[in-house]
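For reference, the structure discussed in these notes is given below.
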Amino acid sequence: SEDSKKGEFEDDMKYIRKRKDNRWQYSRVVDGVRKYIYAKTLKELLEKKKAEKPQKKEKPKIISLYEWSVQYYKNFRENKKLSLKTKEEYQNLLNRHLKPVFEEKEITKITVLDLQNFLNTRPVRIAEKLFQFLAAAYKKAYALGIVKSNIAEFLEKPKQEKKKKMPLTLEEQKAFLKILESVDPLVKKYCMFCLVLGARRNEALAFMPEDIDLKNSTIRINGTKTSNAERTIRITKAMVNYLLEGTEPKKKVFNWNSKTAYDKVVEALESAGIKGKSTH
């Protein structure tokens, strides 16, 4: 309408002035940035102003929770020194658990209940890892302005039911000792170390010949679970000779990692018909 055009013209004239060099100047702050237009005449300036197309504000990109999780992992987790096993665990969380549920769900529209229900339907150990990952991912998303609030703060950590650990029965012990006569001698020695000395898996793996005191027939167990778990146990001379047989000074007797030791014990147990038990 004529009135709106007149109002627009009057509004533009507030930002127009004639310079000392006789040029006309339009100067106005738009979106925090001052913009200038120059012309020789007022008519030319107004035509330049009219010809300018208003800049369209870019809408914020819609991102799903799965997309952000991938971005968060690649930018803030993968760049750290991660073991192959840890990388595989992250890929499992992203592709087997988050992707099927949250690939199409916009992160800003997800509620606390959505996340909590999701965690409650996962296996407990997976849910615990997802809880930790989502807490970190949402914290970073909030810091970067991707979400308006960190809803992960209100999630409840899944609780794992503790299974009662049952020791080997007398019959199982007999079957296990029998099968140990046919396994690799080093595997047998490792199992006997745990059985006779009551050592945990990593305590057995830390054993070195120097831990044995020949004079007093004792062995030092290097506790790995707590700072005060180190202990000294008296053993028979026969056990001393058995443990030192075939060893080399200042070298670990069982040169395996924790998973290898676990697998070897479980394999021996299952060969004896014992399932659901481990070193512990």
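List of remarks:
- Of all residues assigned to the range 48-64, none qualifies as being modelled with pLDDT of 95 or more and either over 30 Å from ILE126 (Cβ atoms) or not hydroxyl-bearing (Ser, Thr, Tyr) (or both).
- Whenever a residue of the range 199-225 is closer than 22 Å to LYS264 by Cα and assigned to a loop (DSSP other than H, G, I, E, B), its partners that are of a type in the set (Gly, Ala, Ser) and open to solvent by 10 Å² or more (accessible area, probe 1.4 Å), lying with C-beta atoms within less than 7 angstrom and at least six residues away or across chains, give the pairs ASN222/ALA206; GLY223/ALA229; THR224/ALA206.
- Set side by side, the residues ARG125, ARG77 differ, and just one is open to solvent by 80 Å² or more (accessible area, probe 1.4 Å) and under 30 Å from LYS259 (Cα atoms), which is ARG125.
- Scanning the range 209-223 for residues that are of a type outside the set (S, T, N, Q) and loosely packed, with under 14 Cβ neighbours inside 10 Å, we see that the one that is nearest to the chain's Cα centre (by Cα) is GLU210.
- Checking GLU156, GLU161 one by one, the residue that is under 30 Å from ALA136 (Cα atoms), assigned to a loop (DSSP other than H, G, I, E, B) and either touching a Cys at 6+ places or on another chain (Cβ under 7 Å) or modelled with pLDDT of 90 or more (or both) is GLU156 and no other.
For (1) over 30 Å from LYS277 (Cα atoms); (2) of a type in the set (Ser, Thr, Tyr); (3) modelled with pLDDT of 95 or more, each residue gets a yes or a no:
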| position | (1), (2), (3) |
| --- | --- |
| THR86 | no, yes, no |
| LEU98 | yes, no, yes |
| ASN120 | no, no, no |
| ALA127 | no, no, no |
| LEU134 | yes, no, yes |
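- Some residue of the range 179-191 being within 36 Å of the chain's Cα centre (by Cα), over 14 Å from GLU267 (Cα atoms) and modelled with pLDDT under 95: no
- Among residues of the range 88-102, those that are over 15 Å from LEU65 (Cβ atoms) and open to solvent by less than 70 Å² (accessible area, probe 1.4 Å), counted: 3
Conditions (1) open to solvent by 60 Å² or more (accessible area, probe 1.4 Å); (2) part of a helix (DSSP H, G or I), marked per residue:
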{"position": "LEU113", "(1), (2)": "yes, yes"}
{"position": "ALA141", "(1), (2)": "no, yes"}
{"position": "ILE146", "(1), (2)": "no, no"}
{"position": "ALA152", "(1), (2)": "no, yes"}
{"position": "GLU172", "(1), (2)": "no, yes"}
{"position": "LEU177", "(1), (2)": "yes, yes"}
{"position": "LYS189", "(1), (2)": "no, yes"}
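- Among the residues making up the range 258-277, those that are under 19 Å from ALA175 (Cβ atoms), within 33 Å of the chain's Cα centre (by Cα) and open to solvent by 60 Å² or more (accessible area, probe 1.4 Å) are LYS264, GLU267, GLU270, LYS275, GLY276.
The values are calculated or read from the model by the stated rules, or taken from the named source; none is laboratory data. Computed from a predicted model, the values in this text were never measured in an experiment. No Cβ is skipped: glycine too gets one built from the backbone with ideal geometry, and neighbour counts run over all protein chains shown. Accessible surface areas use protein heavy atoms only, side chains included; no ligands, DNA or RNA. Shrake-Rupley method; radii C 1.70, N 1.55, O 1.52, S 1.80 Å.
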